[in-house]
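Rule-based calculations on the coordinates, nothing more; no lab input. Nothing here was measured: the structure is a model prediction, and the numbers come from that model. Every residue, glycine as well, gets a Cβ built from its backbone with ideal geometry; the counts of neighbours run over all protein chains shown.
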């Protein structure tokens, strides 16, 4: 792998930030509302609004499920944030978080054909956020929670998943975990190691790290072969701060109880000795993970360094230290672990069957289908996961998720898989074609002209 200087990386990393203010100001936002129905003349408003719409309202009043047939609820997702953990910027507030939520809406629409609306809340109380979300259910087919600080993000997701009748998703937790598991499945195939026997270490125990560990176990990694590390060391039921973990960090404590049965103590170097897999979602590097630590891992080791903008260890350093496969969160290195590979297709699949929830099993189904898309194209050490521009992965992912929802009895709609694939592909293609047509015709302006 070609070495890149820090100066070159910083220059490239700064380019989007230098262009973003100018382009955001030019477009005044990234998503809006477009009309779906025909308006031939003003007489059509009698159908779309009063008096004709009353007939539709009365039908929905008699059967609430008809709201999916007569409105856009079937395709609406709310991207909800309180602005307390926006990207790597921290608690910058809901207004400052709005550009991120609009960006999420853009990805939903272009990659998944989903109409996603940003909803930034001037509210930090988790119980009130839960109440707000529950009250919004009549309008939306699903919720995407985004950039909410831990530990409250765990509580909000857990309660909403239990109490809502529409799918609820937290991309920082479930999205990162889904795409990481997809890459891990294929990486283990290349090095010919059984997922049930692989010794895995997860460095970072925030929202992403905890859910990566949890979903890895659901996908087949043995808890007995897993270690998780936070800023204070290896998670263990015998750790000195166990009382604090039990009282304030129940998700971490659950990892303590399920993994590390020998109660191994120590820090990152101790957790890496003999490990087959290292998954990092920790402090940006370089130097968070040192090459000499990777040298102590098992032969043909796998390293996922997912921090942005700079991975915990440079890919070439990990390879020189003995890692056979390396993935990062960056698009300019091979094997990018990118949440955008997950949520557009997962929600497309959930919405297409009108799912009541998104289960862990639906996430795992998406991960295995993501892995299969890459496998069908031919796995290599520098290609273990699809790229975002391989658009066919999204309808395939949607079908896998919808099929699992039907199997688990959480779908309101049971449509054959081939019909769901065509429906998803048509919706996604129409979204992409619409953007390209509007650019061509000048409805989306060119800021450089």
| said: If you average the alpha carbon positions of the range 18-34 and of the range 187-215, how far apart do those two centres end up, in angstrom? | reply: 38 Å
| task | Between the alpha-carbon centers of the range 382-449 and the range 260-282, tell me the distance in whole angstrom. | result | 38 Å
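Compute the FRET efficiency between residue 390 and residue 240 as 1/(1 + (r/R0)^6), taking r as their Cβ-Cβ distance and R0 = 41 Å, and round to the nearest 0.05.
The pair residue 390/residue 240 has a calculated efficiency of 0.30.
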| said: Taking 0.36 nm per residue of sequence separation and subtracting the Cα-Cα distance, how much length would be gained by fully extending the chain between residue 270 and residue 23, in nm to one decimal? | reply: 84.2 nm
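What percent antiparallel are the DSSP beta bridges of the range 174-328, to the nearest 5? Present the calculation step by step, with values, prior to reporting the outcome.
On the way: 2 of 19 bridges.
If we restrict to bridges inside the range 174-328, about 10 percent are antiparallel.
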| task | Determine, from the Cβ-Cβ distance of residue 139 and residue 299 and an R0 of 51 Å, the FRET efficiency 1/(1 + (r/R0)^6), rounded to the nearest 0.05. | result | 0.40
| In nanometres, what is the gap between the two model label sites at residue 375 and residue 48, each 7 Å from Cα along Cα-to-Cβ? | 4.7 nm
| message | Need one number: % antiparallel among DSSP beta bridges in the range 24-166, to the nearest 5. | response | 10 percent
| request: Run the quick spin-label model on residue 422 and residue 87: label points 7 Å from Cα toward the beta carbon, then report their separation in nm to one decimal. | output: 4.2 nm
| field | Nearest 10 degrees, 0 to 90: helix 53-62 Cα axis against the chain principal axis | value | 60 degrees
| message | Counting only helical runs of four or more DSSP H residues, what would the 222 nm mean residue ellipticity of the chain come to if each run contributes -39,500 (n - 2.57) and the total is spread over all its residues? | response | -14500 deg cm²/dmol
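By DSSP, what percent of the beta bridges with both residues in the chain are antiparallel, rounded to the nearest 5? Spell out each step's value before the answer.
Details: 5 of 36 bridges.
Restricted to the chain, the bridges split so that about 15 percent are antiparallel.
Using R₀ = 45 Å, calculate the FRET efficiency as 1/(1 + (r/R₀)^6) where r is the Cβ-Cβ separation of residue 361 and residue 59; round to 0.05.
On the way: r = 34 Å, r/R0 = 0.76.
So the FRET efficiency works out to roughly 0.85.
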| query | Which order do peptides 211-219, 280-288, 362-370 fall in by mean Cβ count within 10 Å, highest first? | reply | 362-370, 211-219, 280-288
| query | At residue 71 and residue 432, where each label point lies 7 Å from the Cα along Cα→Cβ, what is the point-to-point distance in nanometres? | reply | 3.1 nm
| Using the Kirkwood radius built from alpha carbon pairs, what does the Stokes-Einstein equation give as D for the range 392-434 at 10 °C and 1.306 mPa s, in µm² per second? | 149 µm²/s
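Order 242-253, 78-89 from most to least packed using the mean count of other Cβ atoms within 10 Å. Display every interim value, and only then the final one.
Details: 242-253: 16.2, 78-89: 20.8.
In descending order of packing, they fall as 78-89, 242-253.
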| said: Quick check: residue separation of residue 123 and residue 441 times 0.36 nm, minus the Cα distance between them. What number comes out in nm? | reply: 110.4 nm
